[in-house]
1. Lys/Arg Cβ at +1, Asp/Glu Cβ at -1, dipole of segment 7-143 taken about the Cα centre: which of PRO102, ALA36, THR18 is farthest positive-ward?
2. How high is the relative contact order of segment 7-143, given as a whole-number percent (alpha carbon pairs under 8 Å, six or more residues apart)?
3. Check GLN9: other-chain or 5+ apart residues with amide H under 5 Å from its amide H, H built from backbone geometry?
4. Note the full-extension length gain between ARG50 and GLU22 as 0.36 nm times their separation in residues minus their Cα-Cα distance, in nm to one decimal.
5. In terms of Cα to Cα distance under 15 Å, which aspartates and glutamates are near enough to LYS6, apart from those fewer than 8 places away along the same chain?
6. Work out the length of the dipole vector of segment 7-143 about its Cα centre, built from +1 on the beta-carbon of each Lys and Arg and -1 on the beta-carbon of each Asp and Glu, and round it to the nearest 20 debye.
7. Report, by chain and number, residues whose modeled amide H sits under 5 Å from the one on PHE78, excluding near sequence neighbours (fewer than 5 apart, same chain).
8. Pull up all non-local amide H partners of ALA146: gap of 5 or more, or a different chain, and H-to-H distance under 5 Å with H placed in the peptide plane.
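All of the numbers you see were taken from the coordinates with simple rules; none came from a lab. Owing to the predicted nature of the structure, the values given are computational and were not obtained by experimental measurement. Cβ coordinates were reconstructed from backbone atoms using ideal geometry, including for glycine residues, and neighbour counts include every protein chain displayed.
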Amino acid sequence: MDKNIKILQINIQSIRPTDKREELEFFLNTEDIKIAYLQEIWLKEGESFRMRGYTLVSKRRAEGYGGVRILIKDGLDFEPLNIRRFLPLETIAVKITNLDQPLIVISVYAPPDTSITKQVENKLTEFFETVETISEEMIVAGDFNAHHAMWDESRRE
């Protein structure tokens with residue numbers, strides 16, 4: 001993998017506000033981010049936005065919450081990948097093809113609903129067991145709504 005590639009991962013918790021889009025665009029360009037993973041984009045089907053200098057690949061929810069997106073800097077060639085659905089996880093994947101080596105990038109969002117915690121845990125396990133069989137370079141990033149006793153119990157990270 002290209003050692004100089006900068007990647008951003010963020011739970012944006014709605015990309016709808018114009019000021020958030022402007023702040024994100026400023027950061028992406030200032031820091032020369034090549035790939036950005038976004039979760040909780042909160043866009044409904046039919047809603048969209050553009051990010052100057054980037055191609056956007058998304059999966060949205062009909063009601064407008066959740067959703068995942070990958071932003072790919074212009075100049076990087078990619079192909080969308082079809083990965084099996086792991087409901088309730090939201091996932092999207094692309095393969096960047098013009099780096100030193102091809103790179104698969106996968107954005108994941110696990111909803112925080114505690115009533116489905118065991119289901120989410122099982123699907124995350126199944127998801128990682130599936131992707132670990134892929135022999136290409138890969139970066140999986142996202143908001144897994146995970147928690148651990150070492151972290152503040154009142155927060156999910």
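1. THR18
2. So the answer I get is 21 percent.
3. Long-range HN contacts for GLN9: TYR37.
4. Full extension from ARG50 to GLU22 adds 9.0 nm.
5. Output for LYS6: GLU25, GLU31, ASP32, ASP74, ASP100.
6. It comes to approximately 460 debye.
7. THR97
8. Sorted by chain and number, the residues that satisfy this are GLU157.
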